[in-house]
Structure formats: C-alpha cells, structure tokens
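Right, one structure below, let's go through it.
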Amino acid sequence: MKTTGQVLLEACARRSWSQAELARRSGIHSSKINRLVKNKNTLSLQHAKTLADLFAESPQTGEPESYLEWLGELTQASVN
C-alpha cells in the first residue's frame, strides 16, 4: 500500500509540479506539504478533500479520474 507521501509525489511528478507548486495550487502551506510528503504528518480530511479536488481537475494516465476516487486514494494512504 502506498503512503500519503508516495501518492502526493507521484501525482506531482505526473504534472511536473514541485512541492511548492502543489502548495500554491492547493492553498496548503508548503511546510505542511513537506511534512505530508515525508510522512511526518497525518493528512486531515479537509486537506484530503482539497487535494482530491485539485488532482481530479487534471487527471493523468494511470491515476484516479474523479474526486471520490482521489479522496479514497488519499484517505486510504493516510491510514496505512
């Protein structure tokens, strides 16, 4: 099972986004994004919803296409 950090890194890599770009686009502070990527912080439901909405706007090949699929991917990763 993937970690939250792995899910975020893969989603950003597919979009050629840095962590700073993810922070800017999501409105989540860059230090929080960094802690999530390093699996040093738990993903809140609010942030999971924000990220799911953001990633669902531009689905890439091989990843979830809808908001609900992204929400499931992110929340499942955060409990493992």
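Structure notes:
- Selection over region 35-77 of residues that are in contact (Cβ under 8 Å) with a residue 40 or more places away in the chain and closer than 11 Å to Leu8 by Cα gives a count of 5.
- Within region 28-37, at least one residue is small (Gly, Ala, Ser), at pLDDT 95 or above and out of contact with any strand residue (DSSP E or B) (no Cβ under 9 Å at 6 or more places or on another chain).
- The residues in region 25-43 that are out of contact with any Phe, Trp or Tyr (no Cβ under 9 Å at 6 or more places or on another chain) and farther than 17 Å from Gln76 by Cα can be counted, and the count is 10.
- When region 37-53 is filtered for residues that are crowded, with 19+ Cβ neighbours inside 10 Å and either more than 11 Å from the chain's Cα centre (by Cα) or among the hydrophobic types (A, V, I, L, M, F, W, C) (or both), the ones remaining, listed by number, are Val37, Leu43, Ala48, Leu51, Ala52.
- Restricting the first member to region 9-34 and to residues that are open to solvent by 70 Å² or more (accessible area, probe 1.4 Å), and the second to residues that are modelled with pLDDT under 95, the beta-carbon pairs closer than 8 Å and six or more apart or on different chains are Arg14/Gln60; Arg14/Thr61; Arg14/Gly62; Arg14/Glu63.
- All of (1) at pLDDT 95 or above; (2) open to solvent by 30 Å² or more (accessible area, probe 1.4 Å); (3) of a type in the set (A, V, I, L, M) hold for Val79 with one exception: (1).
The values are calculated or read from the model by the stated rules, or taken from the named source; none is laboratory data. Values in this document were obtained by computation on a predicted structure and should not be read as measured data. Note: ideal-geometry Cβ built from the backbone for every residue, glycine included; neighbour counts use all protein chains shown. We work out accessible area using only protein heavy atoms, side chains counted, and drop any ligands, DNA or RNA first. Shrake-Rupley method; radii C 1.70, N 1.55, O 1.52, S 1.80 Å.
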